[in-house]
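**Q** My questions all concern the structure below.
The values are calculated or read from the model by the stated rules, or taken from the named source; none is laboratory data. Remember, predicted model here, so these are calculated numbers, not experimental data. No Cβ is skipped: glycine too gets one built from the backbone with ideal geometry, and neighbour counts run over all protein chains shown. In case anyone asks, the SASA skips ligands and DNA or RNA and just uses the protein heavy atoms, side chains included. Shrake-Rupley method; radii C 1.70, N 1.55, O 1.52, S 1.80 Å.
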Amino acid sequence: KWPNVPAVHGWLELTARGEWRIRGEPIENALIRDFIARNYTHDAEGNWFFQNGPQRVFVSLEATPLIYRLDGSGCLRAHTGAHPRELRGAFADAEGRLLLVTELGPGLVESSDTAAFAERMVDGRGQALDEHSLGRWMTGDGAVFLKLDGLEVTHDGPAVPVERVR
């Protein structure tokens, strides 16, 4: 009985495109999606959930807990609508997916924005990436950085190093 309700597992999912699904079906109602986004958080162990009053609805993640994209003005935002203020790290995997870590948490860059982020990547000299510099970086030689101009996030410098991850 309310308020002593058990946690819910296996019902709510976040896709790699930042879409909420209940039992595999997309949530069409914008008010419900916004309510979930406002109450989406994590615990100290890194479990992500939607807090619904006293009940926690744990989220199954297709990719990462957050999905980052560019908003209409080109600023970085999470699928929840929150605008991160600090970019703490950038990573690229073998499939070419870009992952960002902000004060909000870790997240995948939505696939439709990958090209826009690729245009922001530069080599160690600050030059736009070409096939040669990208190939060197992929084999462990050289460096790649993500320029932050226009994203409305801060870091220790004008660009953040992009690390390779499996």
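**Q** Would you check which residues across the range 35-51 are of a type outside the set (Gly, Ala, Ser) and either within 15 Å of the chain's Cα centre (by Cα) or surrounded by 13 or more Cβ atoms within 10 Å (Cβ to Cβ) (or both) and list them?
**A** Of all residues in the range 35-51, those of a type outside the set (Gly, Ala, Ser) come to 35-36, 38-43, 45, 47-51.
Listed by number, the residues that qualify are 35, 36, 38, 39, 40, 41, 42, 47, 48, 49, 50, 51.
**Q** I would also like to ask the following. In the range 71-87, which residues are in a strand (DSSP E or B) and either out of contact with any Ser or Thr (no Cβ under 9 Å at 6 or more places or on another chain) or among the hydroxyl-bearing types (Ser, Thr, Tyr) (or both)? Lay out the reasoning, then the answer.
**A** Narrowing the range 71-87 to residues in a strand (DSSP E or B): 76-78, 86-87.
Scanning the range 71-87 gives a single hit, 77.
**Q** While we're on this one: Can you tell me which residues in the range 125-166 are surrounded by fewer than 14 Cβ atoms within 10 Å (Cβ to Cβ), part of a loop (DSSP other than H, G, I, E, B) and not basic (Lys, Arg)?
**A** 126, 127, 130, 139, 140, 141, 149, 150, 156, 157, 158, 165
**Q** What are the residues in the range 113-124 that are surrounded by 12 or more Cβ atoms within 10 Å (Cβ to Cβ) and either out of contact with any helix residue (DSSP H, G or I) (no Cβ under 7 Å at 6 or more places or on another chain) or under 21 Å from residue 72 (Cβ atoms) (or both), if any? Break it down into steps so the answer makes sense when it comes.
**A** Start the filter on the range 113-124 by keeping residues that are surrounded by 12 or more Cβ atoms within 10 Å (Cβ to Cβ), which leaves 113-114, 116-118, 120-124.
Across the range 113-124, the qualifying residues are 113, 114, 116, 117, 118, 120, 121, 122, 124.
**Q** Also, quick follow-up: Quick check on the range 63-112: of everything there that is open to solvent by less than 20 Å² (accessible area, probe 1.4 Å) and among the acidic types (Asp, Glu), which residue is modelled with the lowest pLDDT?
**A** The qualifying residue modelled with the lowest pLDDT is 93.
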